[in-house]
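The values are calculated or read from the model by the stated rules, or taken from the named source; none is laboratory data. Remember, it's a predicted structure, so these values are computed and weren't measured experimentally. Positions of Cβ are backbone-derived with ideal geometry, glycine not excepted, and every protein chain shown enters the neighbour counts.
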Amino acid sequence: MKELNHPTLQAALVRLPHYEPPVGVWESLDAALALDAALGDSAQQLPTYAPPTAVWENIAAQLPTARPVARRVNLWTRYAVAAAVAAALFGAWWLLRPMTDMNASEQIVVTQETMNQQVVAAVQENEDDAFQWVENLCASRAPVCEEPEFKTLKSELDELTAAKQNLHTALGQYGDDPDLTTQLVQIELARTQLLQEMMQMM
Amino acid sequence: MKNILFLFVLFFAAGGMAAQSTLQVVTKTVQKSIAWKSGYTVEINCEKAEIDVEAIPAGNNTVTVKADLTARHPQLDSAKYDLAAWKFVTSTVGKKIYIRAYIGLPSGRSLPNSNLKAKITVRVPMECPVTLTNKFGKARLEHLNGAVRLNGEFCAFTLVDLQGGVQVESQYGNVDGRQLSGQVELQTKRSAVALSDLNGNCNVHSEYGAISVAAGAQTGNLYIQSNKGDVIVETGSLPRHNINLFATYGEVKVPSKPHFETGTSGNTKQASLQQGTGRPQISVETTFGKITVQ
């Protein structure tokens, strides 16, 4: 490649400082080269000795174990391993799978029932206004609502009201289950009892 | 003319009311049999279900389930549509056989308008332990030798001839038990409890519920703790047990014979019958409840 700034480079080289080696450097180098040449000749004349077998065995024992060289696995072997793994996974799934039923049958039938109006009426009875009145009272932060005993009663009432609502939801619009309705009536009786106790505190 | 019109109106109104009180009931019946091995347990998890668990003769290693899933609505189409909300699943995972009946709705679908109910009959080998959870319904278990664990909310339990111990947690669901052996543990809230023919130890912890227990000759130690509920213990005229009764803010009523030592300590009324060491104990503690021994 042609140097584009040749004159500049030449000028810079000329301006570089010049150094002389210290005295005796060349003599030392010459003496070292002569010694190497002399040893090389002597080494050729040294006798040769074979070490005892035990020496190599000891050395071999101290050497770190060589890692086995990975064998080249052919394609068919890889397929076989993959198939074995797949079979093992399938076996595990087979043992742990949700078992299917031994046998199952299913049918759908339509019939008619007459709704028990008396039960349904009990379920769908409107909430007494007095309960809402207590709610409004406590919402307006009436002093009685802050009394510990009243709070306990109110907490109990709230629990029962939640239970009543759960039952209502479970029964739905067409629920006429006598047992659940009886439970509903018992809850309503307990709520009424609580309401009376709360009223007496006002 | 007006009379005829009035009759027409009356006729259609009556027809409408009749239609309202008649429900179309669509029932899907599913029957399944599931292989059972010794060491397997059955776990039943349902809602709005009336569940019967019965024993099958020894040697029959099969659990059978029959589920009648119903949707009730005045309109047949609505009942049919809502029936699809019922999900009934049985599966065996490890050593547990699961039986589930629940209302499963895809996201975005509104709650069914129909009244949904399930009647499920499960027949298990006698020694099979059973775990049952149910909401809004009832459950009856009888003639089982395996351990029974029950959890219910608004679910009445009827337990007959259970020999492998019983553990019950119930809210708003009465518990009626007869011929119960092994350890009986009840934890109830707003539930009435009635127990008889107990053949082992029994602990009852109750809140807001009446308790009645018949302690016979075979009954072991009986411990009842009741908060805001009355307790009746029937021992007969010759009680086998030593008895200790404590009613805080309540009353204690005992028979004149045998003679009970009675007393009061603060707000607690006490009564005690000690007939010698080595006898099983009946211990009843109530708060805001009356204790009656008869």
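Here B:GLY94 meets each of (1) surrounded by fewer than 19 Cβ atoms within 10 Å (Cβ to Cβ); (2) away from chain A (no Cβ under 12 Å); (3) out of contact with any strand residue (DSSP E or B) (no Cβ under 6 Å at 6 or more places or on another chain) with one exception, condition (2).
Results for (1) away from chain B (no Cβ under 14 Å); (2) in contact with a strand residue (DSSP E or B) (Cβ under 7 Å, 6 or more places away or on another chain); (3) within 23 Å of B:LYS135 (Cβ to Cβ); (4) of a type in the set (S, T, N, Q), shown as yes or no for each residue.
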| residue | (1), (2), (3), (4) |
| --- | --- |
| A:THR111 | no, yes, no, yes |
| A:GLU125 | yes, no, yes, no |
| A:CYS138 | yes, no, no, no |
| A:GLU156 | no, no, yes, no |
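Being more than 10 Å from chain A (Cβ to nearest Cβ) and within 30 Å of B:ILE34 (Cα to Cα) is the filter here, so list the residues in region B:104-117 that pass it.
Step one: filter region B:104-117 for residues more than 10 Å from chain A (Cβ to nearest Cβ), giving B:104-110.
B:GLY104, B:LEU105, B:PRO106, listed by residue number.
Run down B:ASN115, B:ASN45 and say which single residue is under 25 Å from the mean Cα position of the chain (by Cα), modelled with pLDDT of 95 or more and polar (S, T, N, Q). Don't jump to the end; show me each part of the working.
Numbers: B:ASN115 fails: modelled with pLDDT of 95 or more.
Just a single option satisfies the conditions, and that option is B:ASN45.
Taken over region B:168-183, residues that are within 17 Å of B:ARG140 (Cβ to Cβ) and either more than 11 Å from the chain's Cα centre (by Cα) or hydrophobic (A, V, I, L, M, F, W, C) (or both) amount to 5.
In region B:156-167, what residues are under 9 Å from the mean Cα position of the chain (by Cα) and of a type in the set (S, T, N, Q)? Within region B:156-167, just B:THR158 meets the criteria.
Out of B:GLY177, B:GLY173, report the one residue that is within 14 Å of chain A (Cβ to nearest Cβ), crowded, with 24+ Cβ neighbours inside 10 Å and under 30 Å from A:LEU171 (Cβ atoms). Steps first, please.
Working: B:GLY177 fails: within 14 Å of chain A (Cβ to nearest Cβ).
Answer to the selection: B:GLY173.
Conditions tested, residue by residue: (1) in a helix (DSSP H, G or I); (2) at pLDDT 90 or above; (3) surrounded by fewer than 20 Cβ atoms within 10 Å (Cβ to Cβ).
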position: A:LEU157; (1), (2), (3): yes, yes, no
position: A:ALA163; (1), (2), (3): yes, yes, no
position: A:HIS168; (1), (2), (3): yes, no, yes
position: A:GLY175; (1), (2), (3): no, no, no
position: A:GLN183; (1), (2), (3): yes, no, no
position: A:GLU188; (1), (2), (3): yes, no, yes
position: A:GLN193; (1), (2), (3): yes, no, yes
position: A:GLN196; (1), (2), (3): yes, no, yes
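Note on region B:203-219: residues that are surrounded by 17 or more Cβ atoms within 10 Å (Cβ to Cβ) and either aromatic (Phe, Trp, Tyr) or farther than 30 Å from A:LEU184 by Cβ (or both) total 3. A Cβ distance below 8 Å, combined with a sequence gap of six or more or placement on separate chains, defines the contacts here; from region A:159-173, residues that are free of Cβ contacts under 8 Å to residues at least 40 places away in the same chain and facing chain B (nearest Cβ under 7 Å) reach residues that are part of a helix (DSSP H, G or I) and crowded, with 16+ Cβ neighbours inside 10 Å in the pairs A:ALA163/A:ILE187; A:LEU167/A:LEU180; A:LEU167/A:GLN183; A:LEU167/A:LEU184; A:LEU167/A:ILE187; A:ALA170/A:LEU180. Under the condition of being out of contact with any Gly (no Cβ under 6 Å at 6 or more places or on another chain), within 14 Å of chain A (Cβ to nearest Cβ) and not basic (Lys, Arg), the residues counted in region B:128-153 number 4.
Show me the strands (runs of 3 or more DSSP E) entirely contained within region B:200-274 in which 1 or more residues are free of Cβ contacts under 8 Å to residues at least 24 places away in the same chain and out of contact with any strand residue (DSSP E or B) (no Cβ under 7 Å at 6 or more places or on another chain). Before you say what the answer is, go through the steps one by one.
Values: elements: B:202-207, B:211-214, B:222-227, B:231-234, B:242-248, B:261-265, B:268-273.
The qualifying strands (runs of 3 or more DSSP E) are B:261-265.
Among the residues making up region A:139-155, a single one is of a type in the set (Ser, Thr, Tyr) and modelled with pLDDT under 90: A:SER140. Scan region B:83-96 and tell me whether some residue there is in contact (Cβ under 8 Å) with a residue 60 or more places away in the chain and either over 26 Å from B:TYR172 (Cβ atoms) or among the charged types (D, E, K, R) (or both). No, region B:83-96 contains no residue that is in contact (Cβ under 8 Å) with a residue 60 or more places away in the chain and either over 26 Å from B:TYR172 (Cβ atoms) or among the charged types (D, E, K, R) (or both).
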